[in-house]
Amino acid sequence: MKTILTGDRPTGNLHLGHYFGSLKTRVELQKEYETYIEIADVQALTDNFHDPEKVRKNVRELAIDYLSCGIDPKTTSTYVQSQIPEIAELTIFFSNLVTVSRLMRNPTTKAELAQKKGLFGQNGESITYGFLGYPVSQAADIAVFNADLVPVGEDQIPHIEQTREIVRKFNTIYGDTFREPEAYLSQSKRVKGLDGNEKMGKSLGNAIYLKDDLETISKKIKNAVTDPQKIKKDDPANPEVCMVYYYHQLIQNDQLETVCKECKAGSRGCVACKQELIQKMMEFLKPIQEKRAYYEAHPEEVERVLKEGTRKAKEKAQNTMRKVKEQMKIDYHYIKEGNDE
Ligand code: TRP
(Lines give C-alpha, C1' and ligand atoms only; values in the text may rest on other atoms or scores of the structure.)
Protein backbone atom coordinates (compact mmCIF):
# COMPACT_ATOMS: atom_id res chain seq x y z
CA MET A 1 0.00 0.00 0.00
CA LYS A 2 1.32 3.40 -0.95
CA THR A 3 1.59 6.24 1.55
CA ILE A 4 0.01 9.67 1.54
CA LEU A 5 1.10 12.56 3.69
CA THR A 6 -0.53 15.93 3.72
CA GLY A 7 -1.38 18.61 6.22
CA ASP A 8 -2.63 22.04 7.13
CA ARG A 9 -1.51 24.84 9.38
CA PRO A 10 -3.85 25.21 12.34
CA THR A 11 -4.56 28.90 11.98
CA GLY A 12 -8.30 28.96 11.37
CA ASN A 13 -11.33 26.92 10.44
CA LEU A 14 -11.67 25.27 7.07
CA HIS A 15 -13.84 26.74 4.33
CA LEU A 16 -15.36 25.54 1.06
CA GLY A 17 -12.06 26.22 -0.70
CA HIS A 18 -10.35 23.66 1.53
CA TYR A 19 -13.25 21.26 1.20
CA PHE A 20 -13.36 21.16 -2.60
CA GLY A 21 -9.66 21.86 -3.01
CA SER A 22 -8.30 19.09 -0.81
CA LEU A 23 -10.50 17.52 1.86
CA LYS A 24 -12.86 15.82 -0.53
CA THR A 25 -9.92 14.24 -2.34
CA ARG A 26 -8.34 13.12 0.92
CA VAL A 27 -11.55 11.46 2.01
CA GLU A 28 -11.60 9.50 -1.26
CA LEU A 29 -7.89 8.64 -1.23
CA GLN A 30 -7.81 7.44 2.36
CA LYS A 31 -9.53 4.24 1.25
CA GLU A 32 -6.66 3.27 -1.05
CA TYR A 33 -3.60 4.66 0.73
CA GLU A 34 -1.98 4.54 4.09
CA THR A 35 -2.81 8.11 5.02
CA TYR A 36 -1.19 10.53 7.44
CA ILE A 37 -2.57 14.00 7.99
CA GLU A 38 -0.44 16.49 9.83
CA ILE A 39 -1.79 19.32 11.90
CA ALA A 40 1.24 21.49 11.24
CA ASP A 41 1.44 23.48 14.46
CA VAL A 42 5.22 23.91 14.29
CA GLN A 43 4.88 25.33 10.78
CA ALA A 44 1.99 27.55 11.89
CA LEU A 45 4.27 28.99 14.55
CA THR A 46 6.79 30.13 11.94
CA ASP A 47 4.52 33.07 11.18
CA ASN A 48 2.44 33.03 14.37
CA PHE A 49 5.23 32.69 16.95
CA HIS A 50 3.76 35.72 18.74
CA ASP A 51 0.33 34.09 19.08
CA PRO A 52 0.64 30.55 20.50
CA GLU A 53 -2.93 30.64 21.85
CA LYS A 54 -4.31 30.95 18.35
CA VAL A 55 -2.34 27.96 17.11
CA ARG A 56 -3.27 25.82 20.09
CA LYS A 57 -6.98 26.58 19.79
CA ASN A 58 -6.97 25.75 16.10
CA VAL A 59 -5.31 22.36 16.52
CA ARG A 60 -8.53 21.03 17.97
CA GLU A 61 -10.71 22.99 15.55
CA LEU A 62 -8.84 21.53 12.60
CA ALA A 63 -9.15 18.02 13.96
CA ILE A 64 -12.91 18.53 14.29
CA ASP A 65 -13.15 19.91 10.75
CA TYR A 66 -11.35 16.80 9.43
CA LEU A 67 -13.57 14.38 11.31
CA SER A 68 -16.72 16.27 10.30
CA CYS A 69 -15.81 15.97 6.63
CA GLY A 70 -15.27 12.24 6.76
CA ILE A 71 -11.60 11.72 7.58
CA ASP A 72 -11.80 8.25 9.05
CA PRO A 73 -9.60 7.58 12.07
CA LYS A 74 -9.66 3.87 11.24
CA THR A 75 -7.69 4.38 8.04
CA THR A 76 -6.09 7.79 8.56
CA SER A 77 -3.63 8.83 11.23
CA THR A 78 -4.12 12.47 12.14
CA TYR A 79 -1.31 13.78 14.30
CA VAL A 80 0.08 16.96 15.75
CA GLN A 81 3.45 17.93 14.26
CA SER A 82 5.05 19.18 17.48
CA GLN A 83 4.48 15.77 19.05
CA ILE A 84 6.86 14.13 16.59
CA PRO A 85 10.31 15.58 17.40
CA GLU A 86 11.80 13.24 14.79
CA ILE A 87 10.52 15.72 12.20
CA ALA A 88 12.50 18.53 13.81
CA GLU A 89 15.55 16.29 13.91
CA LEU A 90 15.29 15.44 10.22
CA THR A 91 14.79 19.13 9.44
CA ILE A 92 18.24 19.85 10.88
CA PHE A 93 19.86 17.14 8.77
CA PHE A 94 18.04 18.34 5.65
CA SER A 95 19.06 21.95 6.25
CA ASN A 96 22.59 21.09 5.13
CA LEU A 97 21.25 20.02 1.76
CA VAL A 98 19.63 23.25 0.66
CA THR A 99 21.16 26.65 0.01
CA VAL A 100 19.85 29.87 1.46
CA SER A 101 19.56 31.34 -2.03
CA ARG A 102 17.43 28.40 -3.16
CA LEU A 103 15.07 29.03 -0.23
CA MET A 104 14.89 32.73 -1.11
CA ARG A 105 13.83 31.82 -4.63
CA ASN A 106 10.87 29.66 -3.55
CA PRO A 107 7.88 31.43 -5.17
CA THR A 108 5.42 30.47 -2.42
CA THR A 109 7.71 31.79 0.30
CA LYS A 110 8.14 34.97 -1.75
CA ALA A 111 4.39 35.45 -2.15
CA GLU A 112 3.90 34.92 1.57
CA LEU A 113 6.61 37.43 2.40
CA ALA A 114 4.83 40.01 0.26
CA GLN A 115 1.68 39.41 2.31
CA LYS A 116 3.43 39.53 5.67
CA LYS A 117 5.26 42.83 5.51
CA GLY A 118 4.14 43.67 9.03
CA LEU A 119 5.91 40.65 10.38
CA PHE A 120 8.95 40.29 8.12
CA GLY A 121 9.56 43.86 6.88
CA GLN A 122 8.78 45.81 3.68
CA ASN A 123 11.36 43.92 1.67
CA GLY A 124 11.56 40.82 3.78
CA GLU A 125 14.58 42.21 5.61
CA SER A 126 13.26 40.91 8.95
CA ILE A 127 12.55 37.41 7.74
CA THR A 128 13.35 34.79 10.36
CA TYR A 129 15.53 31.75 9.91
CA GLY A 130 12.50 29.64 10.85
CA PHE A 131 10.16 31.11 8.26
CA LEU A 132 12.70 31.01 5.45
CA GLY A 133 13.39 27.41 6.37
CA TYR A 134 9.87 26.10 6.77
CA PRO A 135 9.95 24.38 3.36
CA VAL A 136 12.87 22.32 4.71
CA SER A 137 10.74 21.35 7.67
CA GLN A 138 7.93 20.50 5.26
CA ALA A 139 10.34 18.28 3.32
CA ALA A 140 11.04 16.49 6.60
CA ASP A 141 7.28 16.16 7.23
CA ILE A 142 6.94 14.32 3.97
CA ALA A 143 10.16 12.30 4.01
CA VAL A 144 9.85 11.04 7.56
CA PHE A 145 6.82 9.05 6.35
CA ASN A 146 8.52 8.20 3.09
CA ALA A 147 5.35 9.38 1.40
CA ASP A 148 4.65 8.55 -2.23
CA LEU A 149 1.94 11.11 -2.76
CA VAL A 150 1.24 14.53 -1.32
CA PRO A 151 -2.26 15.83 -2.12
CA VAL A 152 -2.01 19.60 -2.08
CA GLY A 153 -3.19 22.77 -3.77
CA GLU A 154 -1.20 24.51 -6.49
CA ASP A 155 0.49 26.92 -4.11
CA GLN A 156 2.30 24.00 -2.49
CA ILE A 157 3.92 22.69 -5.67
CA PRO A 158 7.17 24.65 -5.11
CA HIS A 159 7.49 23.01 -1.68
CA ILE A 160 7.06 19.53 -3.10
CA GLU A 161 9.63 20.34 -5.78
CA GLN A 162 12.02 21.49 -3.09
CA THR A 163 11.34 18.31 -1.12
CA ARG A 164 12.24 16.24 -4.16
CA GLU A 165 15.52 18.09 -4.56
CA ILE A 166 16.47 17.63 -0.91
CA VAL A 167 15.57 13.96 -0.90
CA ARG A 168 17.52 13.37 -4.11
CA LYS A 169 20.56 15.03 -2.64
CA PHE A 170 20.24 13.01 0.55
CA ASN A 171 20.04 9.78 -1.43
CA THR A 172 23.06 10.73 -3.54
CA ILE A 173 25.26 11.54 -0.56
CA TYR A 174 24.15 9.03 2.07
CA GLY A 175 22.74 6.25 -0.08
CA ASP A 176 19.25 5.36 -1.16
CA THR A 177 16.90 6.12 1.71
CA PHE A 178 13.87 8.11 0.62
CA ARG A 179 11.34 7.93 -2.17
CA GLU A 180 10.85 11.08 -4.22
CA PRO A 181 7.31 12.17 -3.39
CA GLU A 182 4.88 13.39 -5.98
CA ALA A 183 2.32 16.14 -5.66
CA TYR A 184 -1.24 15.11 -6.28
CA LEU A 185 -3.33 18.01 -7.49
CA SER A 186 -6.97 17.47 -6.75
CA GLN A 187 -9.31 17.36 -9.73
CA SER A 188 -11.45 20.27 -8.72
CA LYS A 189 -9.74 23.56 -9.27
CA ARG A 190 -9.42 26.43 -6.92
CA VAL A 191 -12.72 27.64 -5.42
CA LYS A 192 -13.56 31.27 -6.10
CA GLY A 193 -14.56 33.68 -3.36
CA LEU A 194 -17.97 35.25 -2.82
CA ASP A 195 -16.57 38.47 -4.25
CA GLY A 196 -15.54 36.78 -7.50
CA ASN A 197 -11.86 36.67 -6.52
CA GLU A 198 -10.08 33.68 -8.10
CA LYS A 199 -9.24 32.37 -4.66
CA MET A 200 -11.32 31.82 -1.54
CA GLY A 201 -9.21 32.74 1.42
CA LYS A 202 -9.42 33.64 5.06
CA SER A 203 -7.37 36.79 4.66
CA LEU A 204 -9.51 37.84 1.68
CA GLY A 205 -12.72 37.82 3.73
CA ASN A 206 -14.61 36.07 0.93
CA ALA A 207 -15.01 32.57 2.33
CA ILE A 208 -17.86 30.35 3.44
CA TYR A 209 -16.72 28.28 6.40
CA LEU A 210 -17.88 24.74 6.99
CA LYS A 211 -19.09 25.77 10.44
CA ASP A 212 -20.95 28.95 9.37
CA ASP A 213 -24.53 29.09 10.67
CA LEU A 214 -27.66 30.16 8.79
CA GLU A 215 -27.39 33.80 9.79
CA THR A 216 -23.76 34.07 8.71
CA ILE A 217 -24.37 32.25 5.43
CA SER A 218 -27.41 34.43 4.66
CA LYS A 219 -25.43 37.60 5.21
CA LYS A 220 -22.55 36.39 3.06
CA ILE A 221 -24.65 35.11 0.17
CA LYS A 222 -26.79 38.25 0.12
CA ASN A 223 -23.57 40.19 -0.52
CA ALA A 224 -22.25 37.82 -3.18
CA VAL A 225 -21.34 39.32 -6.55
CA THR A 226 -23.93 38.86 -9.33
CA ASP A 227 -24.01 39.93 -12.98
CA PRO A 228 -23.39 43.71 -12.83
CA GLN A 229 -25.37 44.16 -16.07
CA LYS A 230 -28.52 43.03 -14.37
CA ILE A 231 -30.18 46.07 -12.83
CA LYS A 232 -33.84 45.16 -12.46
CA LYS A 233 -35.31 41.95 -11.14
CA ASP A 234 -36.64 40.94 -14.57
CA ASP A 235 -33.54 41.75 -16.61
CA PRO A 236 -32.05 38.71 -18.32
CA ALA A 237 -28.56 37.96 -17.00
CA ASN A 238 -25.45 35.92 -17.62
CA PRO A 239 -25.03 33.17 -15.01
CA GLU A 240 -21.42 32.63 -16.07
CA VAL A 241 -20.36 35.88 -14.39
CA CYS A 242 -22.51 35.40 -11.29
CA MET A 243 -21.04 34.04 -8.06
CA VAL A 244 -24.45 32.88 -6.88
CA TYR A 245 -24.74 30.65 -9.93
CA TYR A 246 -21.14 29.54 -9.42
CA TYR A 247 -22.01 28.24 -5.95
CA HIS A 248 -25.24 26.62 -7.17
CA GLN A 249 -22.92 24.68 -9.48
CA LEU A 250 -20.29 23.99 -6.87
CA ILE A 251 -22.65 22.30 -4.44
CA GLN A 252 -24.51 20.63 -7.30
CA ASN A 253 -27.96 22.06 -6.88
CA ASP A 254 -30.26 19.47 -8.47
CA GLN A 255 -32.25 22.32 -10.06
CA LEU A 256 -29.20 23.76 -11.78
CA GLU A 257 -30.69 23.73 -15.26
CA THR A 258 -33.76 25.62 -14.10
CA VAL A 259 -31.60 28.16 -12.30
CA CYS A 260 -29.57 28.73 -15.45
CA LYS A 261 -32.57 28.93 -17.78
CA GLU A 262 -34.57 31.29 -15.58
CA CYS A 263 -31.55 33.51 -15.00
CA LYS A 264 -30.91 33.86 -18.73
CA ALA A 265 -34.61 34.46 -19.42
CA GLY A 266 -34.91 37.10 -16.74
CA SER A 267 -37.64 35.17 -14.97
CA ARG A 268 -35.61 34.75 -11.77
CA GLY A 269 -34.72 37.64 -9.53
CA CYS A 270 -31.38 37.66 -7.71
CA VAL A 271 -33.03 37.89 -4.30
CA ALA A 272 -34.99 34.68 -4.85
CA CYS A 273 -31.98 33.00 -6.41
CA LYS A 274 -29.84 33.88 -3.38
CA GLN A 275 -32.55 32.67 -1.05
CA GLU A 276 -32.55 29.33 -2.82
CA LEU A 277 -28.78 29.12 -2.60
CA ILE A 278 -28.84 29.87 1.13
CA GLN A 279 -31.22 27.00 1.66
CA LYS A 280 -29.24 24.59 -0.56
CA MET A 281 -25.99 25.61 1.08
CA MET A 282 -27.38 24.84 4.53
CA GLU A 283 -28.56 21.46 3.25
CA PHE A 284 -25.13 20.79 1.80
CA LEU A 285 -23.41 21.69 5.08
CA LYS A 286 -25.91 19.93 7.31
CA PRO A 287 -24.20 16.50 7.58
CA ILE A 288 -20.83 18.17 8.18
CA GLN A 289 -22.26 20.44 10.85
CA GLU A 290 -24.10 17.60 12.56
CA LYS A 291 -20.84 15.71 12.91
CA ARG A 292 -19.13 18.84 14.19
CA ALA A 293 -21.81 19.24 16.86
CA TYR A 294 -21.21 15.65 17.90
CA TYR A 295 -17.45 16.10 18.27
CA GLU A 296 -17.84 19.41 20.05
CA ALA A 297 -19.97 17.59 22.59
CA HIS A 298 -17.43 14.73 22.81
CA PRO A 299 -14.01 16.37 23.07
CA GLU A 300 -12.59 13.19 24.59
CA GLU A 301 -13.16 11.42 21.27
CA VAL A 302 -11.23 14.06 19.40
CA GLU A 303 -8.41 13.65 21.91
CA ARG A 304 -8.47 9.91 21.44
CA VAL A 305 -8.20 10.24 17.65
CA LEU A 306 -5.22 12.59 17.94
CA LYS A 307 -3.54 10.39 20.53
CA GLU A 308 -3.84 7.25 18.44
CA GLY A 309 -2.88 9.06 15.22
CA THR A 310 0.18 10.57 16.87
CA ARG A 311 1.21 7.19 18.26
CA LYS A 312 1.12 5.57 14.81
CA ALA A 313 2.88 8.51 13.18
CA LYS A 314 5.59 8.48 15.83
CA GLU A 315 6.26 4.79 15.30
CA LYS A 316 6.74 5.30 11.57
CA ALA A 317 8.91 8.39 12.09
CA GLN A 318 11.15 6.54 14.56
CA ASN A 319 11.73 3.74 12.09
CA THR A 320 12.72 6.20 9.39
CA MET A 321 15.09 8.04 11.70
CA ARG A 322 16.86 4.85 12.70
CA LYS A 323 17.63 4.24 9.04
CA VAL A 324 18.57 7.90 8.44
CA LYS A 325 21.10 7.84 11.25
CA GLU A 326 22.67 4.65 10.00
CA GLN A 327 23.01 6.14 6.54
CA MET A 328 24.50 9.33 7.95
CA LYS A 329 26.85 7.36 10.20
CA ILE A 330 25.54 8.95 13.35
CA ASP A 331 23.93 5.82 14.73
CA TYR A 332 25.41 6.02 18.22
CA HIS A 333 23.53 4.48 21.06
CA TYR A 334 24.81 6.18 24.17
CA ILE A 335 21.28 6.59 25.37
CA LYS A 336 18.93 3.68 25.00
CA GLU A 337 15.58 4.24 23.34
CA GLY A 338 12.51 4.08 25.54
CA ASN A 339 14.19 5.28 28.76
CA ASP A 340 14.71 1.78 30.11
CA GLU A 341 17.92 2.59 32.03
N1 TRP B 1 2.27 24.24 3.93
C2 TRP B 1 0.99 23.61 3.96
C3 TRP B 1 -0.08 24.72 3.89
O4 TRP B 1 0.20 25.85 4.22
C5 TRP B 1 0.74 22.77 5.18
C6 TRP B 1 1.69 21.62 5.31
C7 TRP B 1 2.61 21.43 6.32
C8 TRP B 1 1.83 20.51 4.43
N9 TRP B 1 3.27 20.28 6.13
C10 TRP B 1 2.85 19.69 4.99
C11 TRP B 1 1.21 20.13 3.23
C12 TRP B 1 3.26 18.52 4.34
C13 TRP B 1 1.63 18.97 2.60
C14 TRP B 1 2.65 18.17 3.17
O15 TRP B 1 -1.20 24.44 3.53
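The values are calculated or read from the model by the stated rules, or taken from the named source; none is laboratory data. Just so it is clear, the model here is predicted, and its values are computed rather than measured. Here Cβ is always computed from backbone atoms with ideal geometry, including for glycine, and neighbour counts include all displayed protein chains. Ligands, DNA and RNA are excluded from the accessible area calculation, which covers all protein heavy atoms including side chains. Shrake-Rupley method; radii C 1.70, N 1.55, O 1.52, S 1.80 Å.
With 23 Å as the limit on Cα-Cα distance, the pairs of Lys24/Lys192; Lys116/Lys219; Lys24/Lys291; Lys169/Lys314; Lys169/Lys325 that go past it are Lys116/Lys219; Lys169/Lys314.
May I ask for the longest run of the chain untouched by trypsin sites (Lys or Arg not before Pro) that are loop-located per DSSP and have at most 10 neighbouring C-beta atoms (other than their own) within 10 Å? Write down the numbers at each step before the final one.
Numbers: sites that count: Lys31, Lys74, Lys232, Lys329, Lys336.
Longest run free of exposed loop sites: 75-231.
Here the convex hull built on the C-alpha positions of the chain has a volume of 155 cubic angstrom per residue. For the chain, carbon and sulfur atoms together expose 52% of the accessible surface, with a 1.4 angstrom probe and every protein chain in place.
Run through region 74-131 and list the GluC sites (Glu not before Pro) located in a DSSP loop whose Cβ has at most 15 other Cβ atoms within 10 Å. Here the sparse-neighbourhood loop sites are Glu125.
Dividing the mean sequence gap of close Cα pairs (under 8 Å, 6+ apart) by how many residues the chain holds gives a relative contact order of 21 percent.
Tell me the per residue accessible area of region 150-289 using a 1.4 Å probe; a whole number in Å² is fine. Intermediate results must be reported in sequence, preceding the final value.
On the way: 7710 Å² over 140 residues.
Using a 1.4 Å probe on heavy atoms only, each residue of region 150-289 averages 55 Å².
A Gaussian network model of the chain, with springs between Cα atoms under 10 Å, assigns the largest mean-square fluctuation among Ile221, Ile251, Ile173 to Ile173.
Taking a probe of 1.4 angstrom, what is the accessible area of Ser267 in Å², to the nearest 10? Per-residue accessible area (Ser267): approximately 80 Å². I want to verify a result. In a Gaussian network model of the chain, Cα cutoff 10 Å, which of these has the top mean-square fluctuation: Gly70, Gly118, Gly153? Among Gly70, Gly118, Gly153, the largest mean-square fluctuation in the Gaussian network model of the chain belongs to Gly118.
Out of Val55, Val27, Val271, any idea which swings most in a Gaussian network model of the chain, alpha carbons joined below 10 Å? For the chain, modelled as a Gaussian network with Cα springs under 10 Å, the answer is Val271.
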